[in-house]
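Each value in this text was obtained by applying a stated rule to the coordinates, not by laboratory testing. These numbers were taken from a predicted model, which means no experiment stands behind them. A quick note on method: Cβ atoms are made from the backbone with ideal geometry, for glycine too, and the neighbour counts reach across all protein chains shown.
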């Protein structure tokens, strides 16, 4: 007997020449949530499918309580609850029909079926939506329904493949509580995720990279190891990119990332702390202080250590001096002069009798990175669409790049770039043809279009894939291509709608570095994001909830406002959740008072 | 079958049935498309010649010549015009405004008296099929007129031998009568193959195949869950087509309806099986849909004897047509509709259908393994 619990022994799986899992050995015996964390292509989904018996290993084996998951897959079906990345709900069946079907297929005893389903509906809060088609559920609700389906029969092991992708922070917290409640005592839950803040909430974390296990332990073990290695450089805003470039070249530092106004550094093992003056020689105010490590720091440090012999992680190669040449450089870079790039005044949007945006006002300075955050359905995308001239406001005024939107939306559209949430380029066209198309669509003269296309190919590291079909690119490349396409006409304001959804952490950081470089050149960046740890990259944040502006602050001020005795150092997500909860409380109080 | 398996199967059948009923496109494929096809073929497309435009030129009016010209107007097959000269008539033929030109020569009256009369018929051969039909009908009008003339004269100078043809099974020679039974096969190919080919592929497209495979449901159960409701839908679609054929288009149903239904069931099984094979092999809704049309619908249309006579095809194509299930069913359907329950035709064709059904279902079962990649 190879023992109780889930045992992976030298597990290897290849797809053609690519190695998805490379001799993985690990044992999971206790209950609790085990986070499976790693970048795209680390082998997370492959591991899930091997355990679920949907793939066969090329070498090694995986057993649950001594039974082989590949050869005894059928016998283990009812013991393993598996929720695929695609959720796997039948969108044309109602919530209750999905639950009944899975209950019947998984052999929930007929007498217990309705009681079990009711329990699931109650726990997930889906009872009022039982007759709604699964395809009409919001992202968060659909995820809960899929979870209820997976857990309809009490399992011995739970596999959740990226359950929180596309789910807003509030729903994500509920999902966590739900998994803890429903999984049952002593049942291990394997939860794969690309959200590093989620990893901190797991009982145990398995760090995967390129099919290998590069870390295994409690989240505290990971961050604990970095206790004295995390520093923060405070530096003038216009010096931060050059400081970042210097830090990236410093062998004593494994990571340097811009967050808010600061540069967060991670020291290599046993390396001495660098001097602030060495990183920012032209800023006498620059100073270095220690800071608390985050899981993300541990993740990057572990990745760097695992990949050291090979090429460095996918962050852009630093140029010889100055910031990486990213973004939309124009001969004379626009100055970050504090002028106004965009302003909205009591903006309102109604759809029938539903008010999606309810009197929102703010203004954004030139060269600012401005984040709109809020749960699904808060009105972020509606504000975005109005500012892009895609949706006429019901009331109020908006000025974009000095042009009143009401008077000439088309003229305003010519001055902005828009990068949609979904990959919205032509998947069957080559990278080069996609860029040509966008240059043509913006009406650039032919010679100019060619020049900008070639420049974009070089700047965004796309030259090597210029002839490849856009649809066949890995996510990181696709994202760079989307950004390059949105910048072909050299816009003054760039709108990014959930730009980093579904992109792994290293690619996300590289992306933000480009955004920061662009902002330094005077391009104004408007962004929505679900990754609240990313909200730290913004200069200012507007928290939108139920169509209203709840707060408009710098990330630091937002965090400071949420500090309490039991949580002295909240992160942006804590602050965000506190704001939303307070707003809900006030709304409830208002109702009961009335 | 264990009780758990029976419960799984009934859950799967229920699921598929709901999905089919909720998907307007499956209802359209099963009921709207057949109705449209039947209307087009029943009313629009006809291989009969009726009211064919012809030009009749009488070069020298005379009682006999005028009577012959009038005979064309009297025939339901023709819709004649009467230009005065050959030249404008030939121009009409060139423009395609008439299909044939009949010239009654100036010497017709005299020639007829001598017993040696000839009439020139110029045919538009661009559409060879119509040209042949028009030629035959023109001959018919001429010989009819001659016979009338002979009767009138009471003379015994009638043509030497007269073939007395009787057309069996379809005395009115209505092409509708053999097209519509064939159309029932086309319609069922659509419901069977097109609908099923989308079903499995859809589970892959939406990622629900992983949910299904992670349950104890076996591949056979998953397939059966899909086959049962589509089979019922296909039979309903067949019933609709037959009802329209009999009551709307007056196609006679001479054989037994039960025999027709039985053959339909066999044919549908083969069509469903092929749809499942396509679906399981492509795992992509779009490709599956395209492929289903290419390998089931088009061959059923072209290589089944529905419109084009298989015996007239080159031997290589005839060989290929043996792989087309619709061919066997159309043979049965045309026989049962027009001839009657003729077992010597029905049995061999039904056996071929049964073999194909079993083969396709087995292949689909083999292709759909409970594993991904």
Problem - Calculated [θ] (222 nm, deg cm²/dmol) that DSSP helices of n ≥ 4 give over the protein assembly as shown, each run adding -39,500 (n - 2.57) - result: -13500 deg cm²/dmol
Handout entry: Max mean-square fluctuation residue, GNM over chain B, Cα-Cα springs under 10 Å, options B:22, B:176, B:327
Key = B:22
Problem - Value of relative contact order over chain A, rounded to a whole percent, pairs C-alpha under 8 Å and six or more apart - result: 13 percent
Exercise for the section: Please check which bits of region B:14-36 a label hung off residue B:248 would reach, taking the label as a point 7 Å along Cα-to-C-beta and the cut-off as backbone N under 17 Å. Expected result: B:27-36
Exercise for the section: Would you mind checking the radius of gyration and Dmax of region A:15-164 based on alpha-carbon positions, in Å? Expected result: 16.4, 50
Handout entry: Angle between chain A longest axis and helix A:295-307 axis [Cα atoms, degrees, rounded to 10]
Key = 90 degrees
Exercise for the section: Obtain the nm distance between the two label points defined at residue B:73 and residue B:347 by a simple spin-label model: each point lies 7 Å from its Cα along the Cα-to-C-beta direction. Expected result: 5.8 nm
Completion exercise
Packing-ranked peptide list from A:94-105, A:283-294, highest mean Cβ count within 10 angstrom first, is A:94-105, A:283-294
Fill in the blank from the handout: residue A:450 and residue B:116 label points (each 7 Å along its Cα→Cβ direction) are spaced in nm at 8.3 nm
Exercise for the section: Multiply the residue gap between residue A:557 and residue A:18 by 0.36 nm, knock off their C-alpha separation, and tell me the result in nm, one decimal place. Expected result: 189.4 nm
Practice task
Averaging sequence separations of C-alpha pairs under 8 Å and six or more residues apart, then dividing by the length of region A:4-78, give the relative contact order as a whole percent.
Solution key: 36 percent
Fill in the blank from the handout: Among beta bridges assigned by DSSP with both residues in region A:350-496, the antiparallel ones amount in percent, to the nearest 5, to 55 percent
Fill in the blank from the handout: Here P(r) for chain A, Cα-Cα distances in 10 Å bins, as whole percents, is 3, 15, 25, 27, 20, 9, 2, 0
Fill in the blank from the handout: Tilt, helix A:431-441 to longest principal axis of chain A (alpha-carbon atoms), in degrees rounded to tens, equals 50 degrees
Problem - Separation of alpha-carbon centers, region A:42-120 and region B:234-268, rounded to whole Å - result: 44 Å
Problem - Average other protein chain Cβ within 10 Å of Cβ, residues A:48-59 - result: 2
Practice task
Kindly state, to the nearest 0.05, the FRET efficiency for residue A:585 paired with residue A:40, given R0 = 51 Å and r defined as their beta-carbon distance.
Solution key: 0.85
Exercise for the section: Give me a single rounded figure for B:8-17: the average over its residues of other chain Cβ atoms within 10 Å of their Cβ. Expected result: 3
Fill in the blank from the handout: Full extension between residue A:430 and residue A:565 adds, at 0.36 nm per residue less the Cα distance, a length in nm of 43.1 nm
Problem - Helix axis angle, B:257-282 relative to chain B longest principal axis, alpha carbon, degrees - result: 60 degrees
Practice task
For region B:1-128, calculate the relative contact order in percent as a whole number, restricting contacts to Cα pairs under 8 Å that are 6 or more residues apart.
Solution key: 22 percent
Practice task
Give the distance, in whole Å, between the Cα centre of region B:278-292 and the Cα centre of region B:187-227.
Solution key: 11 Å
Problem - Computed lengthening from residue A:56 to residue A:278, 0.36 nm per intervening residue step minus Cα-Cα distance - result: 74.6 nm
